[in-house]
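This report refers to the structure that appears directly beneath it.
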Amino acid sequence: MENTLIEIKDLCVNAEDKEILKGINLKINKGEIHVIMGPNGSGKSTTANAILNHPAYKKVSGEILFEGENINDIKTDEIARKGIFMSFQLPEEIPGISVTNFLKYAKNKITGEPVKIFKFKEEVKKYMEELNMNSKNMERSLNVGFSGGEKKKNEILQMLVLNPKLAILDETDSGLDVDAIRTVSKGIEMFKNENNAVLIITHNTKILSSLKVDYVHILVNGKIVKTGTGELAKEIEENGYSEYKN
Amino acid sequence: MKTNLEEINRNIYDFKKKDDYDYKIKKGLNKEIIEEISKQKNDPDWMREIRLNALEVYNSLKLPTWGPDLSELDMSEIATYVRPKSKLNSSWDDVPEEIKDTFDKLGIPDAEKTSLAGVGAQYDSEVVYHSIKEDLIKQGVIYTDMETAVREYPDMVRNHFMKCVPVNDHKFVALHAAVWSGGSFVYVPKGVKVDIPLQSYFRLNSPESGQFEHTLIIVDEGASLHFIEGCSAPKYNKVNLHAGCVELYVKDNAYLRYSTIENWSKNMLNLNTKKAIVGKNAGMDWVSGSFGSKISMLYPMSILNGEGAKTEFTGISFAGAGQNLDNGFKVVHNAKNTSSVVNAKSISKNGGKCTYRSLVRVAENAQNSKCSVSCESLMLDDISISDTIPTADVRTEEVEFSHEAKIGKISDKAIFYLMSRGLSEADAKAMIVRGFASPVSNALPMEYAVEMNNLINLELEGTIG
């Protein structure tokens, strides 16, 4: 039990009065990498946003337990401080706030401790090198004028710096070329350890080839219709979702 | 890294001192009152005549028929001259405790030690403290209060006082000329570069009164200066009036940067006039943060009279509940190859109203000039108002002119994004607003950028429902 990081029980979620999630069950233990796959509109991003308690997604029933605590109605920033991170499908642009200042500020909010500037800079520099990021981006406004790939790498950088217990990557691989996907996988490998977990949301399998995935869940029409190992992803790659629909 | 958000509160600006003065003129505006102010101030005859003439002009002019409604202003309820219980001092130790405490709280003596080459501090109608670094005096720089300038440099004052801003410019300029008191006089001789800023701070403590300081700055040929102006007042239930006047002369090849952080209390009518005459190949940059006041009508103006003259305006207005900030910028291109860049921002919340009102005039003889105007508004809720009223009068074909206006609301998606990184909703909004305002804070010296961000945080407190 103490190994369980997050447990989602019978979760039903509406968006704009439309039923999106129709009873999701999911349990992620420390040290695991889970993948949710599914066709467009199946509720993958809704799952991620519901965990972060996005105000536009209404939980109708069920519960989300994080380290045993119900976080259904906790504010997004508190959830973040408890150790859940989400890499956004479309990261927001914040003009006038540099990446470096943003990271420092967020790190301070997440840890509740003063950021040690020298150590922080060294750490960020190391991560940026690993992620093939241009160090000049640190002084640019957050995500403003970044290419799609730069934005996604910047999300992975934030994940590494903020070091959450659970990282949810919502379509982080979408729209990226092979090299960028490889870099993102590398970031996940750097992050991953026995005490944290990753939930990857995707609709393609490229990112999975270089990662050791523990579980793959197939989400169709608001329900998890099948759970398997990494092999399941390969099966999907060959056959698609058609056998799970209807 | 702790932000200043939690550390400051309104008391920094809102503390009131007892209305304890040496002399307060009776409320109202008439010839006897003007004569009395002139007597109290020991004006030379020529200044007394300027005042009396200005009163006639004031009486002959009507209130503006455009812009915010000023009908609540009743001059018979305003005392136009309040002399504090202090003479002009050159050491803070000599400034009376109550007044010194005010400026301590505002951080003026501290800033003087670390980042300024000279300081002027005005309390109600008179300047109570003035200082300037020794090496600037040796180079011939003059920085003093206006009264001393009238006495000691009468020719220079007479040749420039109300010459850049004519008395009949508008009703509140005429009022200013009739009752002006205090302010700063700066002269930077030819070729002298003043590397460290000078700052004048204006504090209005007395209720139902007005502040009418006059700032006259002459930057002679090839010289340069950065001048900072700050102002604040505690809040009272009845209106206070500020009608200052700033006249700036930037001679050929000279450069002046004029920065203002204005945080008047929200019972203040701020009807201020600022104008610069810019010579050949000279540069005039304005940086302006307008936070306080109930009504503000403030349109700094650059007149580019010399060939190759340049001006840049970077400003932000922030209007909250009950505030109507009608601010903007005016530029006249009056010679060839002149250029102007305007970057104006406004933020409104809780029903506050911001209007950007501007004028660009390009004269027939201003060929090959460039003017680029960008104004951007951010509304923090559905009940706030933002408006843009630009006027362009371009009389030559040979000009590059561009105008861009954007009005937008704070994005819920951006707030969610930042909250997912551990920022509270209030912190997220404050960060977005700080980022929006960053072109202005980046143009300010560090200490003032910090003060401006503090003001933004203050304005945002309590806006989160």
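Residue-by-condition table, conditions (1) in contact with a Phe, Trp or Tyr (Cβ under 6 Å, 6 or more places away or on another chain); (2) surrounded by fewer than 23 Cβ atoms within 10 Å (Cβ to Cβ); (3) among the aliphatic types (A, V, I, L, M):
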residue: B:208; (1), (2), (3): no, yes, no
residue: B:214; (1), (2), (3): yes, no, no
residue: B:227; (1), (2), (3): yes, no, no
residue: B:230; (1), (2), (3): yes, yes, no
residue: B:233; (1), (2), (3): yes, no, yes
residue: B:236; (1), (2), (3): no, yes, no
residue: B:240; (1), (2), (3): no, no, no
Task: Count of the range B:184-228 residues which are closer than 16 Å to residue B:132 by Cβ, part of a strand (DSSP E or B) and not small (Gly, Ala, Ser) - done: 17
Open item on the list: I'd like the full set of residues that are of a type in the set (A, V, I, L, M), in contact with a Gly (Cβ under 6 Å, 6 or more places away or on another chain) and more than 24 Å from residue A:83 (Cα to Cα), limited to the range A:1-26.
Closed with: A:20
- [ ] Check off (1) loosely packed, with under 13 Cβ neighbours inside 10 Å; (2) free of Cβ contacts under 8 Å to residues at least 40 places away in the same chain for residue B:31 and give me the number that stays unchecked.
- [x] (1)
Open item on the list: Given the criteria within 14 Å of chain B (Cβ to nearest Cβ), part of a helix (DSSP H, G or I) and hydrophobic (A, V, I, L, M, F, W, C), does residue A:157 qualify?
Closed with: yes
Open item on the list: Return the residues of the range A:107-123 that are in contact (Cβ under 8 Å) with a residue 12 or more places away in the chain and either at positive phi or at the interface with chain B (Cβ under 7 Å from one of its Cβ atoms) (or both); say none if nothing qualifies.
Closed with: A:109, A:110, A:112
Task: Those residues of the range B:262-276 which are more than 16 Å from residue B:211 (Cα to Cα) and surrounded by fewer than 24 Cβ atoms within 10 Å (Cβ to Cβ), in sequence order - done: B:275
Open item on the list: Taking the condition of being within 14 Å of chain A (Cβ to nearest Cβ) and touching a residue at least 40 places away in the same chain (Cβ under 8 Å), how many residues in the range B:397-408 meet it?
Closed with: 0
Open item on the list: Are there helices (runs of 4 or more DSSP H) fully within the range B:117-183 with at least 1 residues that are small (Gly, Ala, Ser), surrounded by fewer than 21 Cβ atoms within 10 Å (Cβ to Cβ) and out of contact with any Phe, Trp or Tyr (no Cβ under 8 Å at 6 or more places or on another chain)? List them.
Closed with: none
- [ ] Quick one: count up the residues across the range B:349-375 that are modelled with pLDDT under 95 and of a type in the set (Asp, Glu).
- [x] 0
Open item on the list: Please go through the range A:71-93 and give me each residue that is at the interface with chain B (Cβ under 7 Å from one of its Cβ atoms), touching a Ser or Thr at 6+ places or on another chain (Cβ under 6 Å) and not charged (D, E, K, R), ordered by number.
Closed with: A:76, A:80, A:86
- [ ] Being among the hydrophobic types (A, V, I, L, M, F, W, C) and over 24 Å from the mean Cα position of the chain (by Cα) is the filter; apply it to the range B:351-391 and report the residue that is farthest from residue B:297 (Cα to Cα).
- [x] B:366
Open item on the list: Just checking, does the range A:61-69 include any residue being surrounded by fewer than 18 Cβ atoms within 10 Å (Cβ to Cβ), among the aliphatic types (A, V, I, L, M) and more than 9 Å from chain B (Cβ to nearest Cβ)?
Closed with: yes
Task: Residue that is surrounded by the fewest Cβ atoms within 10 Å (Cβ to Cβ), among those in the range A:164-223 that are of a type in the set (Gly, Ala, Ser) and touching a residue at least 40 places away in the same chain (Cβ under 8 Å) - done: A:174
Task: Boolean, residue B:9 is modelled with pLDDT under 90, away from every other protein chain (no Cβ under 14 Å), out of contact with any Asp or Glu (no Cβ under 7 Å at 6 or more places or on another chain) and surrounded by fewer than 13 Cβ atoms within 10 Å (Cβ to Cβ) - done: yes
Open item on the list: For the range B:62-74, check the following and say yes or no: at least one residue is over 24 Å from residue B:269 (Cα atoms) and either at pLDDT below 95 or not basic (Lys, Arg) (or both).
Closed with: no
Task: Listing of helices (runs of 4 or more DSSP H) fully contained in the range B:409-465 that carry 3 or more residues being away from chain A (no Cβ under 11 Å), closer than 27 Å to residue B:232 by Cβ and out of contact with any Ser or Thr (no Cβ under 7 Å at 6 or more places or on another chain) - done: B:446-460
Task: Check on residue B:377, in contact with a strand residue (DSSP E or B) (Cβ under 8 Å, 6 or more places away or on another chain), in contact (Cβ under 8 Å) with a residue 40 or more places away in the chain, part of a strand (DSSP E or B) and under 14 Å from residue B:319 (Cα atoms) - done: no
TODO: Would you please name the residue that is farthest from residue A:167 (Cα to Cα), looking only at residues in the range A:29-57 that are crowded, with 20+ Cβ neighbours inside 10 Å and hydrophobic (A, V, I, L, M, F, W, C)?
DONE: A:37
Open item on the list: Considering only residues that are in contact (Cβ under 8 Å) with a residue 40 or more places away in the chain and either part of a loop (DSSP other than H, G, I, E, B) or not small (Gly, Ala, Ser) (or both), which ones fall in the range B:286-299?
Closed with: B:286, B:287, B:291, B:292, B:293, B:294, B:295, B:297, B:299
TODO: Determine whether the range B:389-396 contains at least one residue that is surrounded by 14 or more Cβ atoms within 10 Å (Cβ to Cβ), part of a loop (DSSP other than H, G, I, E, B) and either away from every other protein chain (no Cβ under 14 Å) or of a type in the set (Asp, Glu) (or both).
DONE: yes
Task: Failed criterion for residue A:82 (all others in (1) surrounded by fewer than 21 Cβ atoms within 10 Å (Cβ to Cβ); (2) at pLDDT 95 or above; (3) closer than 21 Å to residue A:208 by Cα hold) - done: (3)
Task: Selected residue [loosely packed, with under 13 Cβ neighbours inside 10 Å, assigned to a helix (DSSP H, G or I) and of a type in the set (Lys, Arg)] from B:62, B:100, B:26, B:39 - done: B:39
TODO: Just give me the residues in the range A:94-106 being within 21 Å of residue A:54 (Cα to Cα) and either more than 8 Å from every other protein chain (Cβ to nearest Cβ) or among the β-branched types (Val, Ile, Thr) (or both), in sequence order.
DONE: A:94
- [ ] Take residue A:137 and decide whether it is within 23 Å of residue A:185 (Cα to Cα), within 10 Å of chain B (Cβ to nearest Cβ) and either under 19 Å from the mean Cα position of the chain (by Cα) or not aliphatic (A, V, I, L, M) (or both).
- [x] no
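The values are calculated or read from the model by the stated rules, or taken from the named source; none is laboratory data. Treat the numbers as computed from the prediction; the structure is a model and nothing was measured. Every residue, glycine among them, receives a Cβ derived from its backbone with ideal geometry; neighbour counts consider all protein chains shown.
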